1. Tell me, in nm to one decimal, what length is gained between residue 226 and residue 305 on full extension, where the rule is 0.36 nm per residue of separation less the Cα-Cα distance?
2. Strictly greater than 17 Å: what percent of every Cα pair in segment 162-215 meets that?
3. Which whole number in µm²/s is D for segment 54-106 by Stokes-Einstein, with the Kirkwood Rh taken over Cα pairs at 20 °C and 1.002 mPa s?
4. Compute the long axis of helix 3-26 from its Cα atoms, compare it with the longest principal axis of the Cα atoms of the chain, and write down the angle in degrees, 0 to 90, nearest 10.
5. May I ask you to list the GluC sites (Glu not before Pro) in segment 99-190 that are in a DSSP loop and have at most 12 other Cβ atoms within 10 Å of their Cβ?
6. With respect to the cross-link table entries 155/260; 112/257; 151/237; 111/223, which display a Cα-Cα separation exceeding 31 Å?
7. For segment 90-231, list log₁₀ I(q)/I(0) at each q in 0.11, 0.12, 0.17 Å⁻¹, using the Debye formula over Cα point scatterers of equal strength and ignoring solvent, two decimals each.
8. Mind listing the phi-derived Karplus ³J(HN,Hα) values for segment 221-228, rounded to whole Hz, using 6.51, -1.76 and 1.60 with θ = phi - 60°, and x for any glycine or proline?
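The values are calculated or read from the model by the stated rules, or taken from the named source; none is laboratory data. Here the structure is a predicted model, which is why all the values come from computation and not from measurement. Here the Cβ positions follow ideal geometry from the backbone for every residue, glycine too, while neighbour counts run over all protein chains shown. Surface accessibility is based on the protein's heavy atoms, side chains included, excluding ligands, DNA and RNA. Shrake-Rupley method; radii C 1.70, N 1.55, O 1.52, S 1.80 Å.
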Amino acid sequence: MDSKKLLKRIKFIVCSLIIICFSTLVSKELAFITNQESNMLDVIDLSTKEKIQEIELGKKPAAIFTDSESGKIFVSNPDSNNISVIDPYDDSHYFLEAGNSPLGISFDNSKKNIFVSNWYDGVISVIDFVAKKKKIEIKVGQSPAGIYFDKVNQKLYVANRESNNVSLINTENFEVLKSLNVQNSPFGVYSENYLDYVVVTNVQSSSISIIDKKNFSLLKNIKVGKWPYSAVHDKLKNYLYITNQRDDSISIIDMEKKEKVKTLFDVCEYPEGIDISYTQNLIVVACWFEDNIILINLNDFSVKKKIETSGGPRAFGRFIIKK
């Protein structure tokens, strides 16, 4: 065999191996759990139900946003005033400055903007993902926490914990359009592109507020457990699942009726982040005080497994990459 043919065959074999390895990785459904005590990101393979990797982050990592479109993972590190940008498929990881005490985080893949709430400064930092630097700060309410980017309507929702309201920002021109009063200490903000409403968890009112996306109006406040933290929507049942930190419980809201229909008690100690894997038929919950995550059957709500984490799991935000 001449050298050209040999080189061509080697290139073919190498390319084939890369394709096989990449397809194996992306076929997995992975959960990424921020750990505030250990400063680690735990990578959980939901198909094998095992922790497969730990990635060192900045100081006291809290919120996370996984972008299934780009495959990138964004984590806020409040005590090091930066965010981590991670690509699990090529093992790259770098830090970007993100203002004072960054907390909530989201990403606009179309315009390449990273949105971060700065807890102590009462602003939203907009970071240019390509230029890797801050482009603007947007003044909002006091102690902004959870955020949700509505990419369909190009709007950003911000929960201002100490102002008891939610800010609505036009991400085309970074203008604050209006604010909406909710109940006491709004913290988490959640929605999906297919939903016509946004869910806000009101910590000190032990309630959630349902906000209409179309006209930014309050549809309803619904009582849940003590200190609600995060929400996720089950599109199969049209249920909302709400983690309640101080009740060690999950409230189940029937969104057809817009009322609480069930509570799962003694789920774990201080449940916080919550997400859903339809592929594995699981609800995944981060249990801050137990240093683990729990996997709950999506059908009968039985606990299938507990997986130990590296310490202080929060997972505030969307933490499963869905392929």
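1. 26.0 nm
2. Pairs farther apart than 17 Å: 38 percent.
3. My calculation gives 196 µm²/s for D.
4. Its long axis makes an angle of about 20 degrees.
5. Those that pass, being in a loop and sparsely packed, are 172.
6. Long pairs (Cα-Cα over 31 Å): 112/257; 111/223.
7. -0.37, -0.44, -0.86
8. Each residue's phi maps through the Karplus curve to give 9, 10, 5, 10, x, 6, 6, x Hz.
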